[in-house]
């Protein structure tokens with residue numbers, strides 16, 4: 001038997017049964033934890049109340065009630081009237097929240113840090129479980145610049161760039177990894193949404209550019225070594241103005257479907273070696289406009305493949321401003337013609353389901369001689385009539 005001394009110094013003989021009572025009580029309390037009611041989600045608002053220049057997410061003084069958002073809270077970031085208003089930095093430890101609203105100012109993910117939104121969030125008082133950039137007026141920017149930076153918007157949740165009011169929401173991704181259940185660029189209510197993707201990878205199950213109202217516009221700009229993987233459909237102009245801009249030949253674009261509406265535009269800009277191809281497995285439905293700039297192209301390429309469809313479905317529709325045969329002059333001095341039925345595998349026109357610009361053949365030597373002879377005959381006929 002062990003002897004436990006209490007405050008009055010009277011010996012107390014502790015039996016094994018007594019010794020295990022606290023353990024038994026702990027087990028009972030732990031078993032009851034799943035039966036407890038989770039606390040209601042709380043909106044934690046960035047007020048920038050930390051020390052001057054301290055813009056760190058993990059500084060409690062920068063949040064309302066001096067409390068960090070938890071996985072059950074909605075983090076709402078605005079540009080406060082006073083305090084640290086320029087940016088929010090996630091730089092010391094990964095931040096976890098149920099949802100994030102970025103209303104104004106600048107939020108930067110850098111130094112290899114990550115912002116993770118839970119896949120099974122509680123319903124928040126704001127009625128959203130998405131990551132929102134520019135909400136209800138004002139403008140906001142999220143920058144993702146370092147290779148180790150991760151932004152995960154998991155499950156069926158959406159990354160929304162531009163979601164209401166009259167401001168502009170911008171996401172600048174030059175590196176890092178972005179994974180989302182869905183991505184909406186220019187969602188609703190007279191807002192402008194812009195996703196500039198020039199590096200790193202973005203994987204999403206659903207990409208919509210120009211989503212809900214006619215006064216909204218969205219633009220997704222792909223350039224340099226950006227890697228876009230859409231495990232679903234790209235919708236360029238669902239109900240509002242949408243722009244998919246592809247600049248250069250170094251980007252990787254893999255999608256399961258491509259749908260462009262009447263207010264949508266596919267904008268292609270070649271570099272010296274060509275354009276970046278949309279690799280498609282599924283259906284393509286086209287409307288709206290196509291704009292092409294080949295002025296920087298110097299390589300003599302026979303074909304510039306815009307959409308390479310590995311599936312068996314034919315392209316539905318055409319661009320309103322670019323019927324089959326529309327021609328574009330390139331910087332290499334040659335002309336390229338648009339074709340909706342190109343076969344990239346056999347490199348032939350007719351019967352295919354790929355969209356391509358094909359170099360227009362120059363007249364052969366024999367053809368030039370024939371044209372010259374015809375011209376000479378026509379000249380002689382005119383002379384004889386005089």
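The values are calculated or read from the model by the stated rules, or taken from the named source; none is laboratory data. Quick caveat: nothing in here was measured; it's all calculated off a predicted structure. Neighbour counts are summed over all protein chains in view; Cβ atoms, including those assigned to glycine, are modelled from backbone coordinates with ideal geometry.
List of remarks:
- All of (1) closer than 18 Å to residue 356 by Cα; (2) modelled with pLDDT of 95 or more; (3) touching a strand residue (DSSP E or B) at 6+ places or on another chain (Cβ under 9 Å) hold for residue 273 with one exception: (3).
- Among the residues of segment 218-229, those that are surrounded by 22 or more Cβ atoms within 10 Å (Cβ to Cβ) and assigned to a strand (DSSP E or B) comprise 218, 219, 220, 222, 228.
- Every listed requirement among (1) within 24 Å of residue 187 (Cβ to Cβ); (2) at pLDDT 95 or above is met by residue 249 save one, (1).
- Within segment 147-175, the residues that satisfy the criterion of being part of a loop (DSSP other than H, G, I, E, B) and closer than 20 Å to residue 251 by Cα are 147, 148, 149, 174, 175.
- For segment 136-156, filtering for residues that are closer than 24 Å to residue 174 by Cβ and at pLDDT below 75 leaves 2.
- Residues of segment 324-353 satisfying the condition of being farther than 20 Å from residue 248 by Cβ and in contact (Cβ under 8 Å) with a residue 12 or more places away in the chain: 324, 325, 326, 327, 335, 337, 339, 340, 341, 342, 347, 353
- Options 266, 228, 244, 297; residue that is free of Cβ contacts under 8 Å to residues at least 60 places away in the same chain, within 26 Å of residue 313 (Cα to Cα) and more than 13 Å from the chain's Cα centre (by Cα): 266
- Options 239, 260; residue that is crowded, with 19+ Cβ neighbours inside 10 Å and over 12 Å from the mean Cα position of the chain (by Cα): 260
- Some residue of segment 176-186 being in contact (Cβ under 8 Å) with a residue 60 or more places away in the chain, farther than 29 Å from residue 336 by Cα and assigned to a loop (DSSP other than H, G, I, E, B): yes
- Selection status of residue 313, surrounded by fewer than 20 Cβ atoms within 10 Å (Cβ to Cβ) and farther than 16 Å from residue 341 by Cα: no
- Subset of segment 45-100 that is modelled with pLDDT of 80 or more and assigned to a strand (DSSP E or B) - its residue that is surrounded by the most Cβ atoms within 10 Å (Cβ to Cβ): 46
- Conditions (1) outside any loop (DSSP other than H, G, I, E, B); (2) surrounded by fewer than 19 Cβ atoms within 10 Å (Cβ to Cβ); number of the one not met by residue 215: (1)
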